[in-house]
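Report on one structure; see the data block that follows.
The values are calculated or read from the model by the stated rules, or taken from the named source; none is laboratory data. Keep in mind the model is a prediction, meaning the values are calculated, not measured. With ideal geometry, Cβ positions are generated from the backbone for all residues, glycine too; neighbour counts draw on all protein chains shown. We work out accessible area using only protein heavy atoms, side chains counted, and drop any ligands, DNA or RNA first. Shrake-Rupley method; radii C 1.70, N 1.55, O 1.52, S 1.80 Å.
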Amino acid sequence: PAPAPATVADNTPFSFPRNWYPLEFLSDLSKTAPTAITVLGVRFVVWFHAPSGAWSALEDACPHRLAPLSEGRIDEGSKMLQCAYHGWEFGKCGSCVRVPTGDGAGGRREAVRSFPVAEYRGMLWVWPAGVEEGVEVGALPEMPDVFEEKSSVCCVGTSRDLPYGFELLVENLVDPSHINFAHHGVIGRRERAGPLPTRLEKYGRGGFEGEFELVKAGLVVRLTVVAPGVLGQEFRAMEGRAVSEGVPSQVSVCVPVRPGVSRVFFVAMWPAGSKLVPLIRRVPRWVVHVGNNRVFDGDNAFLHAQERILEEKGSWKTGFALTKDADRFVAAWRRWLDEFAGGGWAASTNAAPLRDSNDGFSKITAAGDGAWRAPTIDRLNQHTLRCAACSAVKARLEVFVRVAKRLAMVVAVGWAVAKILAGKAVGSGWLQRVAGMDAGATLAVVALLVAASAAEKLIRRFVYVEYSHARA
């Protein structure tokens, strides 16, 4: 287990940069090319330093002319990070080790700021505050027990960039009452909605925890929030009820990217003794991600809008009607942000209002015509391009589609030419036989086109799938 964070008095101001955040699953990071990742508004270039066998996170700007280093490369010879603009090279800790013009390197002004990183729980983590004189880098966050790395647990993880801020992301995840409506037909059913008794048992600067009861499902869920954004859920049966083996424990790690944009790393865990584990371990990672994306799509559009409406209202205290017991954890989270975190990370950035921003997601139009919805469920940019498994399958499917269509064309044209030549009594016996294969040629062409069409439909699941709650 990771060491617990140092004990801090509840009246000490909470610092978002002085915490650990995951950059990416290690399985999704390339060791042969640099990757651009933003956390807390800081643009990092993440790359693998082969000589030391360790990862490096540097500020994503070359000190020479501020070109993004993530557009560069890892040089095959030196194994150093090379800027694509003028070829300056940098080592693991950010020092400049080579300037191709040959007039020396290694000065302080030529160095790139570096940040502490750590491999932990299958992810690469960063400390965005960097190395500060007189300030120790804290311990990695103590995960809820459900995240313990041991052979008795089978884990399946995914991640997604989201078109709304960190504060709203955590708020949504601690809200159990939205599941049966926002995710109807996916992981919930409207008719299953019912009483949600909740209990808040611990609350302080380090987070909060409690329980809620899914009465109709016969489940008690223990919710743990480790500040600023590690959430765990453990399920147990209510007295006299049994828990289905299909219900996993869950951990979500929430990351502020920039105002109006966040990232979540989600991991589901089953006990190794579960009868489902042999099946789960055979399911390809990309299949799990396609299913997870349906869940995220169910939230994205209205949370993107909700965040901007809340900004117009001015405050959750006057804008929200948190009058029900089921809203207890939402209220606890908002209160935590106000009491310990200055209202939240976004509130401390002095960023431009979200309703006036152009952050890569369409804003709500004055006419309210709904044209802003599509970019909020953009699976390609929010997940696929960052996921090694999904991007690889998408690329293979695209190759298959091209080959299948071209092969279908070759078969059709070849058969047609054979028919023409055979009709003119030109050619050998094999040509006559080919010309007579009407059913076989037709079947081959149809089969290839059907297979290509099926592959194209699967490709769309990695790119964009329309989601309408009205039709769900």
Close pairs from the range 316-328: first farther than 21 Å from residue 347 by Cβ, partner among the polar types (S, T, N, Q) and part of a loop (DSSP other than H, G, I, E, B), Cβ under 9 Å, at least 6 apart:
none
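Where residues in the range 56-79 are in contact with an Asp or Glu (Cβ under 7 Å, 6 or more places away or on another chain) and in contact (Cβ under 8 Å) with a residue 24 or more places away in the chain, which of them is most open to solvent (accessible area, probe 1.4 Å)?
Taking the range 56-79 as the starting set, the residues that turn out to be in contact with an Asp or Glu (Cβ under 7 Å, 6 or more places away or on another chain) are 63, 68-70, 75, 78.
Next cut, in contact (Cβ under 8 Å) with a residue 24 or more places away in the chain only: 63, 68-70.
Working: 63: 38, 68: 58, 69: 0, 70: 21 Å².
Among residues in the range 56-79 that are in contact with an Asp or Glu (Cβ under 7 Å, 6 or more places away or on another chain) and in contact (Cβ under 8 Å) with a residue 24 or more places away in the chain, the one most open to solvent (accessible area, probe 1.4 Å) is 68.
Rundown of residues vs (1) modelled with pLDDT of 95 or more; (2) closer than 30 Å to residue 26 by Cβ; (3) not in a strand (DSSP E or B), yes/no style:
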| residue | (1), (2), (3) |
| --- | --- |
| 150 | no, yes, yes |
| 154 | no, yes, no |
| 164 | no, yes, yes |
| 168 | yes, yes, yes |
| 213 | no, no, no |
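What's the total number of residues in the range 353-381 that are open to solvent by 70 Å² or more (accessible area, probe 1.4 Å) and at pLDDT below 65? Give the derivation first.
Keep residues of the range 353-381 that are open to solvent by 70 Å² or more (accessible area, probe 1.4 Å), which gives 355-356, 358, 363, 366-367, 369, 381.
Subsequent filtering for residues that are at pLDDT below 65 retains 355-356, 358, 363, 366-367, 369.
Residues flagged as open to solvent by 70 Å² or more (accessible area, probe 1.4 Å) and at pLDDT below 65 within the range 353-381 amount to 7.
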How do the helices (runs of 4 or more DSSP H) wholly within the range 247-326 filter down when requiring 2 or more residues that are of a type in the set (Gly, Ala, Ser): which remain?
285-313
List the pairs whose first member sits in the range 125-140 and is over 20 Å from residue 227 (Cβ atoms) and open to solvent by 30 Å² or more (accessible area, probe 1.4 Å), whose second member is modelled with pLDDT of 90 or more and in a loop (DSSP other than H, G, I, E, B), and whose Cβ atoms are under 7 Å apart, counting only residues at least 6 apart or on separate chains?
131/116
Could you tell me whether residue 333 is out of contact with any Pro (no Cβ under 9 Å at 6 or more places or on another chain), surrounded by 14 or more Cβ atoms within 10 Å (Cβ to Cβ) and either at pLDDT 75 or above or closer than 30 Å to residue 265 by Cα (or both)?
yes
Output the residue which, of all residues in the range 272-296 that are under 24 Å from residue 179 (Cα atoms), in contact with a strand residue (DSSP E or B) (Cβ under 7 Å, 6 or more places away or on another chain) and hydrophobic (A, V, I, L, M, F, W, C), is modelled with the lowest pLDDT.
276
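Confirm whether residue 345 is at pLDDT 85 or above, closer than 30 Å to residue 387 by Cβ and buried (at least 16 other Cβ atoms within 10 Å of the Cβ). Please lay out each step first, then the result.
Details: at pLDDT 85 or above: yes; closer than 30 Å to residue 387 by Cβ: yes; buried (at least 16 other Cβ atoms within 10 Å of the Cβ): yes.
So residue 345 fits the description; yes.
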Residues being free of Cβ contacts under 8 Å to residues at least 60 places away in the same chain and within 14 Å of residue 336 (Cβ to Cβ): count how many of those fall in the range 162-191.
0
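Scanning the range 263-279 for residues that are in contact (Cβ under 8 Å) with a residue 60 or more places away in the chain and not hydrophobic (A, V, I, L, M, F, W, C), which turns out surrounded by the most Cβ atoms within 10 Å (Cβ to Cβ)?
Pass one, the range 263-279, residues in contact (Cβ under 8 Å) with a residue 60 or more places away in the chain: 263-274, 277.
Subsequent filtering for residues that are not hydrophobic (A, V, I, L, M, F, W, C) retains 263, 271, 273-274.
Working: 263: 25, 271: 13, 273: 9, 274: 17.
So, considering only residues that are in contact (Cβ under 8 Å) with a residue 60 or more places away in the chain and not hydrophobic (A, V, I, L, M, F, W, C), the one surrounded by the most Cβ atoms within 10 Å (Cβ to Cβ) is 263.
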Which residue out of 461, 406 is of a type outside the set (Ser, Thr, Tyr), at pLDDT 90 or above, closer than 22 Å to residue 291 by Cβ and open to solvent by 80 Å² or more (accessible area, probe 1.4 Å)?
461
Say whether the condition of being more than 27 Å from the chain's Cα centre (by Cα) and open to solvent by 60 Å² or more (accessible area, probe 1.4 Å) is met by at least one residue in the range 104-116.
yes
Given (1) within 30 Å of residue 162 (Cα to Cα); (2) surrounded by 13 or more Cβ atoms within 10 Å (Cβ to Cβ), identify the lone condition not met by residue 99.
(1)
Considering only the range 202-243, state which residues are open to solvent by less than 40 Å² (accessible area, probe 1.4 Å), in contact with a helix residue (DSSP H, G or I) (Cβ under 7 Å, 6 or more places away or on another chain) and charged (D, E, K, R).
205
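Within the range 297-327, how many residues are in contact with a strand residue (DSSP E or B) (Cβ under 7 Å, 6 or more places away or on another chain) and surrounded by fewer than 21 Cβ atoms within 10 Å (Cβ to Cβ)? Working first, answer last.
Applying the first criterion (in contact with a strand residue (DSSP E or B) (Cβ under 7 Å, 6 or more places away or on another chain)) to the range 297-327 yields 300, 325-326.
Now narrow it down to the ones that are surrounded by fewer than 21 Cβ atoms within 10 Å (Cβ to Cβ): 325-326.
The total comes to 2.
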Looking at the range 285-304, can you tell me whether even one residue there is basic (Lys, Arg) and over 15 Å from residue 465 (Cα atoms)?
yes
Out of the range 15-52, which residues are surrounded by 15 or more Cβ atoms within 10 Å (Cβ to Cβ) and among the aliphatic types (A, V, I, L, M)?
23, 26, 29, 37, 39, 40, 42, 45, 46
